[in-house]
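Peer 1: Before I ask anything, let me first share the structure, which is written out below as structure tokens.
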Amino acid sequence: MQYKKRFILILCVIAIICVMTACGKSNNNAGQQAGNNTGGTTPGTTQGGGTATTNANAEAIAKANCIACHGNTLDGMGDSKKNLQKVGAKLTKDQIATTIANGRGGMPAFKGKLKDDEIATLADWLAAKK
């Protein structure tokens, strides 16, 4: 019985730590690695100006920073306020970028955690979701 209580306590502590660190966690290395290219182009674009690299960068940034709260498919994990699957139909690219940078409601600000170009890439990608 005593071991069972300790096990449950340990699980609770781990769960609390995960919840506290998940939302708002930033891994700038993921965005930097995804944006690295050797062609001398602007990060987030291909040499031909295509969107394949931009989408890959945005998805890497989202996976590193957003899925803990918004879900792997951006469905909000049952919370309609967190659903980003059609956010581009509701908000402009600039509104999305402002929300990412400054936060809103329960969403933390990412201004100091993400670079401006990462915020712009993510906002552009999300604005296309209609």
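Peer 1: What tally of residues in the range 77-87 results from selecting those that are assigned to a helix (DSSP H, G or I) and either touching a helix residue (DSSP H, G or I) at 6+ places or on another chain (Cβ under 8 Å) or under 17 Å from R104 (Cβ atoms) (or both)?
Peer 2: 5
Peer 1: Right, something else. Search the range 50-76 for residues being farther than 14 Å from A120 by Cα and assigned to a loop (DSSP other than H, G, I, E, B), and hand back the single one that is modelled with the lowest pLDDT.
Peer 2: Looking at the filtered set, the residue picked out is G50.
Peer 1: What about L114, is it out of contact with any Phe, Trp or Tyr (no Cβ under 7 Å at 6 or more places or on another chain) and either among the hydroxyl-bearing types (S, T, Y) or assigned to a loop (DSSP other than H, G, I, E, B) (or both)?
Peer 2: yes
Peer 1: Within the range 72-130, restricting attention to residues that are surrounded by fewer than 14 Cβ atoms within 10 Å (Cβ to Cβ), acidic (D, E) and free of Cβ contacts under 8 Å to residues at least 24 places away in the same chain, which residue is nearest to N55 (Cα to Cα)?
Peer 2: By that ranking, first place goes to D116.
The values are calculated or read from the model by the stated rules, or taken from the named source; none is laboratory data. Note that this is a predicted model, so its numbers are computed, not measured. A quick note on method: Cβ atoms are made from the backbone with ideal geometry, for glycine too, and the neighbour counts reach across all protein chains shown.
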